[in-house]
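The values are calculated or read from the model by the stated rules, or taken from the named source; none is laboratory data. Predicted model only: the values in this text are computed from it and were never measured. So basically every Cβ, Gly included, is an ideal-geometry build from the backbone, and we count neighbours across all protein chains shown. These accessible areas exclude ligands, DNA and RNA; they are computed on the full protein's heavy atoms, side chains included. Shrake-Rupley method; radii C 1.70, N 1.55, O 1.52, S 1.80 Å.
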Amino acid sequence: MNPNPDRPARLQILREKLHRYESHLSALAMLAGFAIDNVFFKRIDIPSTQALFTGYILVAAASIVFMQGFEARAEAGARQPKWRVIFPVLAQFSMGGLWSGFLIFYGRSATLAVSWPFVALLASILIGNELFRRHLSRLIFSAILLFFAMFSYAIFMVPIYAHAIGTLIFLISGAMVVGLFWLFLRALAALSPVSYAKTRLTIVAGAGLVFAALNAFYFLNILPPLPLALSSAGVYHNVKRQGGDYVAVAEPQSWLVGLGWPAIIHDVPGQPLSVYSAIFAPIRLSTAITHRWEYRDPKTHRWATKSVVTFPIMGGRDGGYRGYSVKGNPQAGDWRVDIETIDGRLVGRIRFNVIAAATAPETNTKILK
């Protein structure tokens, strides 16, 4: 005897509601992915972060494959289990987690003046995810989106485990992703041969365009230089290392400087200026960083390189590897210092305006992070 005769009816009502509100649940799942990442993603190189990214990739890939498998069974007239609605939710949750993670880490590493095309591409993906809902369109978009996610992850995952950055590491990342995506397509063909046959060329073409775009972004220095990220930077009248600290002589600045507005530096002629930077790099990754001092000609308004200083960094420190460069007797006018990788990719930029002063300005001592 069934002790609870109303239970089957309640379960049926629950299944119907899950199916009816599938799109709303998917959107909530994506938001949940964003929320979880913002709480748990602290450093890019710790095992828990890598495990979470890997889990998201696997769940997204498996959900897409199983969704198409169930669609194929439905088209063949087979009875469908009610719990299949969980797969769109899992796909959206994992994709939400992936893109929030990418926005967190790529956002920390990006310099918008250079990397805005890539950031705009991330935003367009979030919008496109809501536009493609029909069966075949959703499969095409989901598969291409998965390839983009896999490549975006490999770009910073491979350097973390290789303990190196550079063109060869980037090319290895791309080759690895192409191989893994081929395995995903094989699984898709096995479980949903009809849908795969209809969409194969479009999926491959779309993935090829993503592959070409990310390679173009890399070689045009548009792609943010993950896994490196600028932790802090600034221009000072003087910087010295005292024991384990870096101590700066700082001129008070407006709060707008924190939003990217150029700093104002009153400099006595003949006195040098220092630019400090702290670059986060993963544990055991060693490379070199360049400070490129550039002055804008007031007549032509073009930037001209005045000096280049290169120094090594070693990864592992939470606040980033610290270093500074010095420019003697900078002339009055607009300056910027581009903080770059050894192969010319922009990690960060410091802009400031030098104003000639007859006397030393008011300053304070600051311990740099």
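For the set 93, 151, the ranking by accessible area, highest first and with no ligand, DNA or RNA atoms included, is 93, 151 under a 1.4 Å probe. Compared with the alpha-carbon gap, the fully stretched path from residue 332 to residue 238 is longer by 32.1 nm at 0.36 nm per residue. Computed from phi, the 3J(HN,Hα) profile of the range 202-213 under the Karplus parametrisation 6.51, -1.76, 1.60 (θ = phi - 60°) reads 5, 5, 5, 5, x, 5, x, 5, 4, 4, 5, 5 Hz, with x in place of Gly and Pro.
Taking only the C-alpha atoms of the range 306-369, Rg followed by Dmax gives 14.6, 43 Å. Selection among 365, 254, 319 by position relative to the dipole of the range 251-369 gives 319 as farthest towards the positive end (Cβ unit charges, Cα centre). Given R0 = 30 Å, the distance between the Cβ atoms of residue 200 and residue 220 translates into a calculated FRET efficiency of 0.50.
Restricting to the range 245-369, what percent of DSSP beta bridges are antiparallel, rounded to 5? Mind showing how you got there, number by number?
Numbers: 38 of 43 bridges.
Close to 90 percent.
What does the convex hull of the alpha-carbon atoms of the range 166-323 project to on average, in nm²? List each step's numbers first, then the result.
Values: hull surface 59.7 nm².
For the Cα atoms of the range 166-323, the hull's average projected area reads 14.9 nm².
Solvent-accessible area assigned to carbon and sulfur over the range 150-199 amounts to 77 percent, based on a 1.4 Å probe. Surface composition of the range 252-302: carbon plus sulfur atoms contribute 59% of the solvent-accessible area (1.4 Å probe, protein chains only, all chains present). Here the range 245-369 is treated with +1 on each Lys and Arg Cβ and -1 on each Asp and Glu Cβ, and its dipole about the Cα centre works out to around 280 debye. Orientation-averaged projection of the range 186-258 equals 10.5 nm² [convex hull of Cα atoms, one quarter of hull surface area]. A probe of 1.4 angstrom, applied to the heavy atoms of all protein chains, finds residue 168 with accessible area near 120 square angstrom.
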